[in-house]
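Read through the structure below, which is laid out as structure tokens, and then see the notes.
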Amino acid sequence: MRGTAYGVGVGPGDPELMTQKAVRLIRENDVIAVAGRDAKEAVAYRIAAAVVPEIADKELVPVYMPMVRDRELIEEEHRKGAALLESYLDQGRNVVYITLGDPSIYCTFSYLQEILMADGYDVELVPGITSFCAAAAALRTPLAEWDEPLHIVPAVHKTDDRLDQSGNYVLMKSASHMPQIKQLLRESGRKVSAVENCSMENEKIYRSADEIPDDAGYFSLIIAKE
């Protein structure tokens, strides 16, 4: 019998925002996979360890997921990562792949999931609180009301977007192009707020595009409302 691969969201940063199901699966299974070269250095690991300290005694499986634009290299590493997980699944062992936020939102596990399912393995996703929901809570603002559309876009790929669709925007992955994104936000005329390191100890809140530093960190998320 093959094992099951679980893509488990551990939330945005605050360990108290982990779901009971995520905690249970980590406790019940001995193989924990994490994106990166060193599992214990991953943010997702540190979040989980604060609630499930016994995770340190489990078999930790680092899965290298390069953040590059070379599609051929990326696909090669994804195949290697999937093969690594399959080596445990073939032993009848479940694999719990922990990830920041939710496993269905811009998640590295999505690429492995596609390969695993194509190869005939069982995969289950366990939702987690997303960064943009946590950011909205930190800002005490609704993401959408009544019939407002909500657009969730990876801003790093949208530096030429006019943000002119009706409704509100969530801009993720903004840090590497922050000056350009800030200019787009000013031109859009929208009400802008942002959270850096949402729900973590070093969380910072910004109430306008001008307040956001050009060198804001990787975990920066922007909400732009009509």
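The values are calculated or read from the model by the stated rules, or taken from the named source; none is laboratory data. Note that the coordinates shown come from a computational prediction; the quantities given were computed from them, not determined experimentally. Glycine gets a Cβ as well: all are built from the backbone with ideal geometry, and neighbour counts include every protein chain shown.
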### Summary
Picking from ALA155, ALA144, the residue that is at pLDDT 95 or above and either under 24 Å from CYS107 (Cβ atoms) or of a type in the set (S, T, N, Q) (or both) would be ALA144
### Task
Would you check if there is a residue in region 66-73 being in contact with a Cys (Cβ under 7 Å, 6 or more places away or on another chain) and in the same structural domain as PRO103 (by TED's automatic domain parsing)?
no
### Task
Please give the number of the condition TYR121 fails out of (1) touching a Leu at 6+ places or on another chain (Cβ under 7 Å); (2) touching a residue at least 40 places away in the same chain (Cβ under 8 Å); (3) closer than 16 Å to VAL8 by Cα.
(3)
### Message
Given the criteria touching a residue at least 40 places away in the same chain (Cβ under 8 Å), under 20 Å from PRO12 (Cα atoms) and not hydroxyl-bearing (Ser, Thr, Tyr), does ILE181 qualify?
### Response
no
### Message
It is to be established whether one or more residues within region 126-136 are surrounded by 19 or more Cβ atoms within 10 Å (Cβ to Cβ) and modelled with pLDDT under 90.
### Response
no
### Message
Can you tell me which condition VAL170 does not meet? The list is (1) modelled with pLDDT of 95 or more; (2) surrounded by fewer than 18 Cβ atoms within 10 Å (Cβ to Cβ); (3) outside any helix (DSSP H, G or I); (4) not assigned by TED's automatic domain parsing to the domain that holds HIS78, and all the others hold.
### Response
(2)
## Note on the structure
Counted residues in region 124-142 being touching a residue at least 40 places away in the same chain (Cβ under 8 Å) and more than 27 Å from ALA48 (Cα to Cα) come to 1
### Message
Please go through region 97-124 and give me each residue that is assigned to a strand (DSSP E or B) and surrounded by fewer than 18 Cβ atoms within 10 Å (Cβ to Cβ), ordered by number.
### Response
ASP122, GLU124
### Query
Taking ARG162, is it more than 30 Å from ARG24 (Cα to Cα), of a type in the set (Lys, Arg) and outside any helix (DSSP H, G or I)?
yes
### Query
What's the number of the condition ILE222 fails, among (1) farther than 24 Å from PRO15 by Cα; (2) in contact with a strand residue (DSSP E or B) (Cβ under 7 Å, 6 or more places away or on another chain); (3) of a type outside the set (Ser, Thr, Tyr)?
(1)
### Query
exposed (fewer than 13 other Cβ atoms within 10 Å of the Cβ), part of a loop (DSSP other than H, G, I, E, B) and touching a helix residue (DSSP H, G or I) at 6+ places or on another chain (Cβ under 8 Å), is that true of ASP147?
no
### Hey, SER87 closer than 25 Å to LYS40 by Cβ, touching a Gly at 6+ places or on another chain (Cβ under 9 Å), at pLDDT 95 or above and not aromatic (Phe, Trp, Tyr) or not
no
### Task
Output the residue which, of all residues in region 184-222 that are in contact (Cβ under 8 Å) with a residue 60 or more places away in the chain and either part of a strand (DSSP E or B) or of a type in the set (A, V, I, L, M, F, W, C) (or both), is surrounded by the fewest Cβ atoms within 10 Å (Cβ to Cβ).
ILE205
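Results for (1) over 16 Å from the mean Cα position of the chain (by Cα); (2) touching a residue at least 24 places away in the same chain (Cβ under 8 Å); (3) in the same structural domain as GLY217 (by TED's automatic domain parsing); (4) over 26 Å from MET200 (Cβ atoms), shown as yes or no for each residue.
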residue	(1), (2), (3), (4)
THR19	no, yes, no, no
ILE32	yes, yes, no, no
ALA49	yes, no, no, no
VAL52	yes, yes, no, no
GLU77	yes, no, no, yes
### Query
Given ALA48, ALA33, which one is over 16 Å from LEU112 (Cβ atoms) and modelled with pLDDT of 95 or more?
ALA48
